[in-house]
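To start, the structure under review is shown below, and the notes come after it.
Just so you know, all these numbers are worked out from the coordinates, no wet-lab data involved. Model, not experiment: these values are computed from the prediction. Backbone-built Cβ (ideal geometry, glycine too); neighbour counts: all protein chains shown.
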Amino acid sequence: MGRIADLNARSRRRGLFALLFVGFAGCGAGDTSYLDFDPASVPAQPTWANDVLPRLDYYCGACHSPDAQVGLQEGLDLTNYEVAKFALLDIERTAMIERSMPPGTAQKMSAYDFAVIKRWDKNGHPK
């Protein structure tokens, strides 16, 4: 599934700089952590089925899917194509800027994985 791993603070700073450089993230408050990845490694044509759904299921599916062990939280099913494409700003705010999702000690979304999702958005949400 790619680079789903904990990274130290130093590498997070370098990665977000790269993320900002290629225009995937905007200016914002909150955690300004940077994650290390090569922007050229982001797939040119990510699709819902192959690239986005697996990432949203990994990071968000424990609470935001019909199969969630804790029940579908906030009525937000992020494994649903239509719901996910309209929730991207909320995902960016909570997962990347505030770093409040997923909650607690759960694995946080990497900048690389979010860059894949942002590229999918930029490309018009191909299925």
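Of everything in the stretch 59-73 that's within 12 Å of residue 84 (Cβ to Cβ) and among the small types (Gly, Ala, Ser), which residue is surrounded by the most Cβ atoms within 10 Å (Cβ to Cβ)? Here the residue is 61.
Hey, can you tell me all the residues within the stretch 70-127 that are assigned to a helix (DSSP H, G or I) and among the small types (Gly, Ala, Ser)?
Within the stretch 70-127, 75, 84, 95, 111, 115 meet the criteria.
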